[in-house]
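Beneath this line is the structure, given in structure tokens, with notes to follow.
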Amino acid sequence: MRLTKLVTVGLATAALAASGATADPGHGNSASHASHCAPAPVQLAGTLANEPATGDTLFQLTVKRGNMLGRLYAKAGNPVTVNVDTKTRYRKDGAASTVDALAQNDRALVFAKVCRADVKKARQSGGTLPALTARLVLDKGPKPDTAGDSTTN
């Protein structure tokens, strides 16, 4: 009976020591957390400054309005270069579209996300803002012609 108790206590002690050796050394201080990025939304509204062709990976947008981060990009330099990738979605006239359907002087809304920490670092150091990659581009077409709408009697 004594031997059974001794073996049981020994195994329990060994199990506790093994679980302590595999525990996380510090909550929130691991290297994997350093690569985590909190996304910040960037919204831009303006007109297309160039006409992208099939397979282009970027286009330029002359920004007229934007959210707080969008205005930062417009102040840094207008027109703003917007990158596109395979995940970017395009909408034109309420239907799915492609990058080559975008035309110069079309009104567009661009929605992108950037790493909040990268923007903060760039603002503090006075460096360049991180590159924008569009997630959604809404093409609203050219501005309607309102010159011929007025009637005089």
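What follows is calculated from the coordinates using simple rules that are stated; it is not laboratory data. Computed from a predicted model, the values in this text were never measured in an experiment. Cβ coordinates were reconstructed from backbone atoms using ideal geometry, including for glycine residues, and neighbour counts include every protein chain displayed.
Structure data summary
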{"quantity": "Charge context of LEU48, other residues only, Cβ under 10 angstrom, K/R +1, D/E -1", "calculated": "-2"}
{"quantity": "14 Å beta-carbon shell around ARG71, net charge (K/R +1, D/E -1)", "calculated": "+4"}
{"quantity": "Flagged links, alpha-carbon separation over 23 Å, of LYS64/LYS143; LYS87/LYS120; LYS64/LYS121; LYS120/LYS140; LYS113/LYS143", "calculated": "LYS87/LYS120; LYS64/LYS121; LYS120/LYS140; LYS113/LYS143"}
{"quantity": "Efficiency of FRET between ALA76 and ASP100 - r from beta-carbon atoms, R0 25 angstrom, step 0.05", "calculated": "0.35"}
{"quantity": "Antiparallel DSSP beta bridges within the stretch 56-149, percent to nearest 5", "calculated": "70"}
{"quantity": "Segment ARG107-THR57, extension gain: residue separation times 0.36 nm, minus the distance between their alpha carbons", "calculated": "16.1 nm"}
{"quantity": "Distance from the stretch 32-80 to the stretch 93-125 (C-alpha centre basis), Å", "calculated": "4"}
{"quantity": "Tensor-based shape of the stretch 75-153 (alpha-carbon gyration tensor, a/c under 1.5 rounded, otherwise prolate or oblate)", "calculated": "oblate"}
